[in-house]
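**Student:** Mind having a look at this structure? Questions to follow.
Bear in mind that the values in this text are calculations on the coordinates, not laboratory data. Everything numeric in this text was worked out from a predicted model, so none of it was measured. Cβ atoms come from the backbone with ideal geometry, glycine included; neighbour counts cover every protein chain shown.
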Ligand code: PEP
Ligand code: MG
């Protein structure tokens, strides 16, 4: 990772004089958050929560939650996960010291948390007190032919609202706790993989109800926002309807690219290099935003979203948020921020400043 000396830091403050679009970071640990702030990130644009469940004690409860076919059991496992999640968010909010933090609710298909090796299945079955055959049956039930188009994102939160409830509670209890320590905190809760306004409304309702409960229990409130990823082409097409309900949009251009091209994020490697060599593609569309096609959906999402809500906050958190030509494209569409991995924050700051200069806008004096 690059180390910054004082000269570089000074240079970057000069750059920032010519930048009017924020650069945030994608970070899901306090370490990454601190590193990104060191590089000048002005918030977290995407804290993915899936990795937070892989710690040794947590994965056990997570697996118990997934395997269970009774809501009561799922709720009891989630109750055990709540303190871990709350601590995760307290640490991240503390690290960001009052800068906005967008936390995305659980996204991946649940079977990703389950083992597929026979030996591990045996151990887990023992741990859960069920037979190996029973666990294998459960794993088969959860497995999908096309997991990326399957039971993930808000679809999980809608079929199992108790997951959304637990995460919303952890985020908001953490925020109230940090506020009680006399610090500012701006949580933004983000719903993944939304394709219909009804999905968003469902999830927002769950979050708002939990917020009401938490604030009443604690006798203290925090400002929070509820917004959505725009990462399914349909979400861009109906962005006005979603914007009526959402406080912010964040373009998930990884999935948007996958679903617009119909190239699997996991398997495109099999032909991408050949396509690049043959000139069928100029760039890897998962690295450099395809302005001709995917970019049209981003533009439509911004235009329709802001037509419905003129002050809608809009950002991007796909890989493209750290690619200079994609950053310029986002700038020209009027995005409020781009969000990228910590080590790409400096290049995104430079790209944003360059886009400002190229736009011919005047520097505020
Ligand atoms: C995206 O799809 O662009 C995104 C940021 O989410 P993820 O990569 O976690 O699917
Ligand atoms: Mg995504």
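**Student:** Who wins for biggest fluctuation among 325, 131, 250 in a Gaussian network model of the chain, springs between alpha carbons below 10 Å?
**Tutor:** 131
**Student:** Given Cα pairs under 8 Å that are at least 6 residues apart, what percent is the relative contact order of the stretch 46-143?
**Tutor:** Numbers: 66 pairs, mean separation 33.7, N = 98.
Once normalised by length, the contact order is 34 percent.
**Student:** In addition: I need the Kirkwood Rh of the stretch 56-195: take the reciprocal of the average 1/r across all distinct C-alpha pairs and report it in angstrom. Intermediate values should be presented prior to the final figure.
**Tutor:** Numbers: mean 1/r = 0.0613 Å⁻¹.
In the stretch 56-195 this quantity evaluates to 16.3 Å.
**Student:** I need the fraction of alpha carbon pairs in the stretch 159-306 separated by more than 20 Å, rounded to a whole percent. The partial results should precede the final answer.
**Tutor:** Details: 6154 of 10878 pairs.
Counting every Cα pair in the stretch 159-306, those more than 20 Å apart make up 57 percent.
**Student:** If I model a spin label at residue 13 and residue 363 as a point 7 Å from the Cα along the Cα→Cβ vector, what separation in nanometres do I get?
**Tutor:** Once both label points are built, they end up 1.4 nm from each other.
**Student:** Sticking with this structure for a sec: Ratio of Rg to Rh for the stretch 272-365, alpha carbon only, Kirkwood?
**Tutor:** Values: Rg = 14.5 Å, Rh = 14.3 Å.
With Rh from the inverse mean 1/r over Cα pairs, Rg/Rh is 1.01.
**Student:** Right, here's the next one. Got a sec? Which residues in the stretch 243-258 would a label at residue 347 touch, if it sits 7 Å along Cα→Cβ and we count backbone N under 18 Å?
**Tutor:** Counting backbone N atoms under 18 Å from the label point, the list is 253-254.
**Student:** Specify the inter-centroid distance of the stretch 53-127 and the stretch 320-365, based on alpha-carbon positions, in whole Å.
**Tutor:** Measuring centre to centre over Cα atoms gives 35 Å.
**Student:** Given the stretch 319-365, report the % of alpha carbon pairs whose separation exceeds 16 Å. Intermediate values should be presented prior to the final figure.
**Tutor:** Working: 330 of 1081 pairs.
For the stretch 319-365, the share of Cα pairs beyond 16 Å comes to 31 percent.
**Student:** Moving on. Please arrange 343, 224 by how many other C-beta atoms lie within 10 Å of their C-beta, fewest to most.
**Tutor:** On the way: 343 15, 224 21.
In increasing order of surrounding Cβ atoms, one gets 343, 224.
**Student:** Given a Förster radius of 35 Å and the C-beta distance between residue 38 and residue 141 as r, what FRET efficiency does 1/(1 + (r/R0)^6) yield to the nearest 0.05? Before the final figure, lay out the partial values.
**Tutor:** Numbers: r = 45 Å, r/R0 = 1.30.
Here the calculated transfer efficiency is 0.15.
**Student:** If you take all C-alpha pairs in the stretch 1-138, what percent of them are over 20 Å apart? Intermediate values should be presented prior to the final figure.
**Tutor:** On the way: 5527 of 9453 pairs.
Result for the distance tail: 58 percent.
**Student:** For the chain, what does -39500 (n - 2.57) per DSSP helix run (n ≥ 4), summed and divided by total residues, give at 222 nm, in deg cm²/dmol to the nearest 500? Let's see the in-between values first.
**Tutor:** Values: 16 runs with 196 residues, N = 365.
Roughly -17000 deg cm²/dmol at 222 nm, from the helical runs in the chain.
**Student:** Please compute the Kirkwood hydrodynamic radius of the chain from all pairs of different C-alpha atoms, in Å with one decimal.
**Tutor:** Values: mean 1/r = 0.0464 Å⁻¹.
Taking every pair of different Cα atoms in the chain, averaging 1/r and inverting gives 21.5 Å.
**Student:** Compute the relative contact order of the chain as a whole-number percentage, counting only Cα pairs closer than 8 Å that sit 6 or more residues apart in sequence. Kindly include the intermediate steps, with their values, before the conclusion.
**Tutor:** Numbers: 624 pairs, mean separation 78.7, N = 365.
Relative CO of the chain lands at 22 percent.
**Student:** How would you rank 65-77, 87-99, highest first, on the average number of other Cβ atoms within 10 Å across their residues?
**Tutor:** Descending mean neighbour count gives 87-99, 65-77.
**Student:** Given a Förster distance of 30 Å, report the FRET efficiency between residue 68 and residue 180 from their Cβ-Cβ distance, rounded to the nearest 0.05.
**Tutor:** FRET efficiency, residue 68 to residue 180: 0.30.
**Student:** Counting only C-alpha contacts under 8 Å and six or more residues apart, can you give the relative contact order of the stretch 109-219 as a whole percent?
**Tutor:** Numbers: 74 pairs, mean separation 30.1, N = 111.
Relative CO of the stretch 109-219 lands at 27 percent.
**Student:** Quick one: order 12, 190, 62 by neighbouring beta-carbon count within 10 Å, fewest to most. Could the numbers behind the result be given before it?
**Tutor:** Numbers: 12 18, 190 28, 62 24.
Arranged by neighbour count, lowest to highest, 12, 190, 62 become 12, 62, 190.
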